[in-house]
Amino acid sequence: MNRQEFLRRLEEALQGEVSPQVLQSNLQYYQNYIYDEMRKGRSEEEILAELGDPRLIARTIADSQNSGSSSYGYEDSRSFGSRYTYEEPSEENHRGSYSFHVRKFSGIVPTLIIAAIIVLILFLLSTVFAVALKLLLSPVFWTIFAVLILWRIITKK
């Protein structure tokens, strides 16, 4: 099998299983991966043997899309919230190497989590600032401050 056959089989296996954007992103990813590895001096056959069966890759991508999992597959790595994950070697890929994939966090849940974290940080900062301001405006603080200044003056003599 050559790279065109690999990509054709991957496309056929993904069609109807994932959105057209995910299909195109994955095809582009694997095409770029193969070209990048060939530029490093590896043979096409070696790269394709490492990748394994395109139908198995497609099944993994489709399953991750259908379950909402972020473990496998590829979407645009330039997007906010992307992360890298890896797939352990399959039986077909028993060389012990790992395949790296990118999966974009999308949807309302990650956005809400990030917003909640930002709100929590702002709340904590405002609380610390309020406590510090209250302490500075406290008569007890100024009394202690005055006593310390007097003590310093008295002990210097």
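Hey, how many Å between the Cα centroid of the range 126-157 and the Cα centroid of the range 17-61?
Going from one Cα centre to the other spans 67 Å.
Taking θ = phi - 60°, what integer Hz values does the Karplus form 6.51 cos²θ - 1.76 cosθ + 1.60 yield along the range 146-155, in sequence order, with x for Gly and Pro?
5, 4, 5, 5, 4, 4, 5, 5, 5, 6
From the phi of every residue in the range 27-39, what ³J(HN,Hα) in whole Hz does the Karplus formula 6.51 cos²θ - 1.76 cosθ + 1.60 yield, where θ is phi - 60° and glycine or proline is x?
4, 5, 4, 5, 5, 4, 4, 4, 4, 4, 5, 5, 5
Give, as a single signed number, the net charge of other residues whose beta carbon lies under 15 Å from the beta carbon of Gln15, with Lys and Arg counted +1 and Asp and Glu -1.
Residues near Gln15 contribute +1 overall.
What per residue convex hull volume, in Å³, do the alpha-carbon atoms of the range 1-56 yield?
Spelled out: Cα convex hull of the range 1-56, divided by residues, is 62 Å³.
Work out from phi, with θ = phi - 60° and the Karplus expression 6.51 cos²θ - 1.76 cosθ + 1.60, the ³J(HN,Hα) of each residue of the range 55-63, listed in order in whole Hz, and give x for Gly and Pro.
Going residue by residue, I get 5, 5, 4, 4, 4, 5, 5, 4, 4 Hz, with x marking Gly and Pro.
Laboratory data are not the source of any read-out in this text; all were calculated from the coordinates shown. Keep in mind that what you see is a predicted model, and the values were worked out from it rather than measured. Please note: Cβ atoms are built from the backbone with ideal geometry, for glycine as well, and neighbour counts cover all protein chains shown.
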